[in-house]
Amino acid sequence: DPPLPEGFLPLSAEEMDAFIAEYPAAIIYCWREDCSPCESVKEDLERLRSEGEIPESVGLGAVYGPDHVRTLREEYEVGAAPTVLFCADGDIDSRIVGSPGFDAVRTEVEIVTDDL
């Protein structure tokens, strides 16, 4: 399996601001290897996408945390993997850290995509 959720674009931390600004809503998945919670969240995001619960207009990006530790921590307050950032109108609207379960991820997706 590829480490990114299907349909998510690989990003560097330096590309995040432009990516968030480009879409009315965006989801950024921050992950690392050998991380079972990361795999669970990846599966949740893939399921939501395959079930059509993430609109096509939502930007989907993924950042490999170990390559961008300092920028993620200092600029985006990401200090653990997995962290998923839910962005709306160019700003980070909310985040989940760890693997809170499918329903929690779905709720955050619904909130950030409500106005689309």
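The values are calculated or read from the model by the stated rules, or taken from the named source; none is laboratory data. This is a predicted model, so every value here is computed, not measured. Because the Cβ atoms are built from the backbone with ideal geometry, glycine has one as well, and the counts that use them run over all protein chains shown. Remember, those area values only see protein heavy atoms, side chains included, never the ligands or the DNA or RNA. Shrake-Rupley method; radii C 1.70, N 1.55, O 1.52, S 1.80 Å.
Given the structure, is TYR29 among the aromatic types (Phe, Trp, Tyr), open to solvent by less than 70 Å² (accessible area, probe 1.4 Å), under 18 Å from ARG70 (Cα atoms) and in contact with a strand residue (DSSP E or B) (Cβ under 7 Å, 6 or more places away or on another chain)? Answer is yes for this residue.
If the condition is being outside any strand (DSSP E or B) and within 22 Å of PRO3 (Cα to Cα), then the range 78-100 contributes VAL78, GLY79, ALA80, ALA81, PRO82, GLY98, SER99, PRO100. Enumerate the pairs (first residue in the range 1-21 and under 18 Å from LYS42 (Cβ atoms); second residue anywhere and open to solvent by 30 Å² or more (accessible area, probe 1.4 Å) and part of a loop (DSSP other than H, G, I, E, B)) with beta-carbon separation below 8 Å, excluding pairs fewer than 6 apart on the same chain, so at least 6 apart or on different chains. Matching pairs, first to second residue: PRO3/GLU33; PRO10/LEU4.
Within the range 93-115, the residues that satisfy the criterion of being exposed (fewer than 13 other Cβ atoms within 10 Å of the Cβ) and either modelled with pLDDT under 95 or basic (Lys, Arg) (or both) are ASP114, ASP115. If you check LEU48 against the conditions, is it under 19 Å from ILE111 (Cβ atoms) and in contact with a helix residue (DSSP H, G or I) (Cβ under 9 Å, 6 or more places away or on another chain)? The answer is yes for LEU48. Within the range 35-67, the residues that satisfy the criterion of being of a type outside the set (S, T, N, Q), more than 16 Å from VAL97 (Cβ to Cβ) and in a loop (DSSP other than H, G, I, E, B) are GLU51, GLY52, GLU53, ILE54, PRO55, GLU56, VAL58.
If you scan the range 90-116, which residues turn out to be of a type in the set (D, E, K, R) and either touching a strand residue (DSSP E or B) at 6+ places or on another chain (Cβ under 8 Å) or under 16 Å from GLU53 (Cα atoms) (or both)? Correct list: ASP93, ARG95, ASP103, ARG106, GLU108, GLU110, ASP114, ASP115.
Screening the candidates GLY79, GLY59 for the property of being open to solvent by less than 90 Å² (accessible area, probe 1.4 Å), out of contact with any Ser or Thr (no Cβ under 6 Å at 6 or more places or on another chain), among the small types (Gly, Ala, Ser) and over 20 Å from ILE111 (Cβ atoms) yields one hit, GLY79.
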